[in-house]
Each structure stands twice: as C-alpha cells, then as structure tokens.
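Structure record follows, encoded as structure tokens.
The values are calculated or read from the model by the stated rules, or taken from the named source; none is laboratory data. Please read all numbers here as calculations on a predicted model, not as lab measurements. When we count neighbours, we look across all protein chains shown, and the Cβ atoms used for this are built from the backbone with ideal geometry, even at glycine.
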Amino acid sequence: MQTGAITGYIDVAQLALYAFWLFFAGLVLYLRKEDKREGYPLVTDRAGQFQQGFPTMPAPKTFLMRDGSTVLAPRAEPPQPAFQAQPVAPWPGAPMQPLGNAMLSGSGPAAFALRSDAPETMQESSDNRVVPLRVATDHYLDDESPNPVGNEAVGADGVVGGVVSDLWIDRAETAIRYLEVTLVAGPSVLVPMPLAWIDATGRVFVKSVLGAQFADAPTLANPDQVTLREEDQIQAYFASGHLFATPDRAEPLL
C-alpha cells in the first residue's frame, strides 16, 4: 500500500475530508440553532399556532447584561399586542388589510419592534441617551443654525399641526433625534428629525403626515424620557404616513 493508506480503499486524506464535512455540518447546525435564541418560536397567521422549524430551539442560556442584570434566552415572551389588521382572503399567507387608523395598526409600514420599554442609556453611564434640551442643559443649538423652537410644524396639506417646543438630542452622537411638537389641542408628540425639513426661518415641514394627523401620534409615558419601544412606535407612525396618510398614497403610481 502507498504512504498514508489505511486500507486499499481508505487513506488519511479521505478520512480528513470526511472529518471536515462532519465538522462543517455540525457547525452549521450549531449556528442555526443558536440564532433561534431570539425571535422564536415564529408566530403564524393562525391564532395560537407557532412554528420552530428545524433545528428546534436551543436550551435556555443566561446572559449577563451591561447594567448587571441577566436575561434568559430563549424565554417565555409576554403576550404580544394584536395589530389592527385582517387578511383579505381566508387562505394562509393572504395580504393583511389595516383596520381603523392604518398608521396606528402596527401592520405593513406601520409595524414596529417590541423592544424594551425602557430608555436607551449611555455606554459610560446610566444617563438616558435621548433626552430633550431642557434635560441636557450642557448642550445647546448653535446660534447660526435655524432654530425651529417656537415655530409651527406643518403637515403635507399645509395645515399647522402644532408648535415646536423643544429639541430631543442623541447624547452619544450629538445630533437632533426628535422635534417635540406641542399640539393645538394641548399635549406634545415627538416627530423624527429625519422626516422633517426646516427652512431658513426655522419653520418645520413634515410631508409624511397631514396637519390633523399630528394629534394621533403616539405619546410618551414620561414627558422627559423616551423608551426604545416608544421610539419604534413613533417612527413607525410618522414613516407609515408616506403610504397611509391619504388614500391616494396607497394606490399604485401607474
């Protein structure tokens, strides 16, 4: 037999190749199982039915978080709020039609992730990352920049939705994240800065929603802090207005 041969039909190179195949198959199986620690089991469009797929979910593992707390994954999730939509046909996988105010339905472009209902904090401290300037007193707006505070916030139809009362900044990136708009009716809502345009005079234009739709935007539980879940809901509401604000926006262009 030649050097490296074990039998007349098997040699070391062949065994090494088989071992590599087994290792690679095991690695793929392990990684595929580990990526099911979050987001599984999948929720189907049939009430009360869930799906794990292959391979099944891994055994729970405890993770130590940055703030000292621990999180178990996978874990039993709290009941999910039902989004306001219904299928347009009885078969599985049929498109969903929003019910009521489509921008608050939680479906389609108005969908949002159920992240933690707690504020995001800074890496080096427990201070909230996104706060209004009235809280972050060590930050200020440059005098040469257009200042929207005190100016009107106008919707796509030219109707005034409210008046900008404060700016919410991201302390980590030193950038404006939201405009706080006090509505004509009284309460305040946050408008994502990327969806707003400010002219040279400081007047704010938000083309994704109409003036009256500012009033239906999600509000904050605490006027001086915004949680991760509230951020997702706010962004979903205003962003979905590009499709849901008016009936003609939901129609095809051609």
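May I ask you to verify whether VAL159 is in contact with a strand residue (DSSP E or B) (Cβ under 9 Å, 6 or more places away or on another chain), in contact (Cβ under 8 Å) with a residue 12 or more places away in the chain and surrounded by 12 or more Cβ atoms within 10 Å (Cβ to Cβ)?
Criteria not met by VAL159.
When you look at PHE54, is it aromatic (Phe, Trp, Tyr), assigned to a strand (DSSP E or B) and either closer than 30 Å to TYR30 by Cβ or free of Cβ contacts under 8 Å to residues at least 24 places away in the same chain (or both), yes or no?
The answer is no for PHE54.
Confirm whether THR182 is more than 27 Å from ALA118 (Cβ to Cβ) and of a type in the set (S, T, N, Q). Give the steps one after another, and end with the answer.
Values: more than 27 Å from ALA118 (Cβ to Cβ): no; of a type in the set (S, T, N, Q): yes.
Taking the combined requirement at face value, the residue does not satisfy it.
Test ALA215 against the criterion of being free of Cβ contacts under 8 Å to residues at least 60 places away in the same chain and either polar (S, T, N, Q) or not in a loop (DSSP other than H, G, I, E, B) (or both), and give yes or no.
yes
Restricting the search to region 70-81, which residues are over 15 Å from GLY39 (Cα atoms) and either touching a helix residue (DSSP H, G or I) at 6+ places or on another chain (Cβ under 6 Å) or touching a residue at least 12 places away in the same chain (Cβ under 8 Å) (or both)?
PRO81, the sole residue that qualifies.
Given the condition farther than 30 Å from TRP168 by Cα, among the aromatic types (Phe, Trp, Tyr) and either at pLDDT below 85 or part of a loop (DSSP other than H, G, I, E, B) (or both), answer yes or no: does some residue in region 86-100 qualify?
Checked against the condition, which is being farther than 30 Å from TRP168 by Cα, among the aromatic types (Phe, Trp, Tyr) and either at pLDDT below 85 or part of a loop (DSSP other than H, G, I, E, B) (or both), region 86-100 yields at least one hit.
Identify, please: which residue in region 173-194 is charged (D, E, K, R) and surrounded by 13 or more Cβ atoms within 10 Å (Cβ to Cβ) and is, among those, farthest from PHE205 (Cα to Cα)?
ARG177
When only residues in region 218-254 that are charged (D, E, K, R) and in contact (Cβ under 8 Å) with a residue 60 or more places away in the chain count, which is nearest to LEU167 (Cα to Cα)?
ASP224
Quick one: is ARG134 without any contact (Cβ under 8 Å) to a residue 60 or more places away in the chain and more than 20 Å from ASP199 (Cβ to Cβ)?
no
If ASP67 satisfies every condition in (1) surrounded by fewer than 10 Cβ atoms within 10 Å (Cβ to Cβ); (2) free of Cβ contacts under 8 Å to residues at least 40 places away in the same chain but one, which is the exception?
Condition not satisfied by ASP67: (2).
Does VAL71 qualify as being touching a strand residue (DSSP E or B) at 6+ places or on another chain (Cβ under 9 Å), among the hydrophobic types (A, V, I, L, M, F, W, C), within 23 Å of THR227 (Cβ to Cβ) and at pLDDT below 90?
yes
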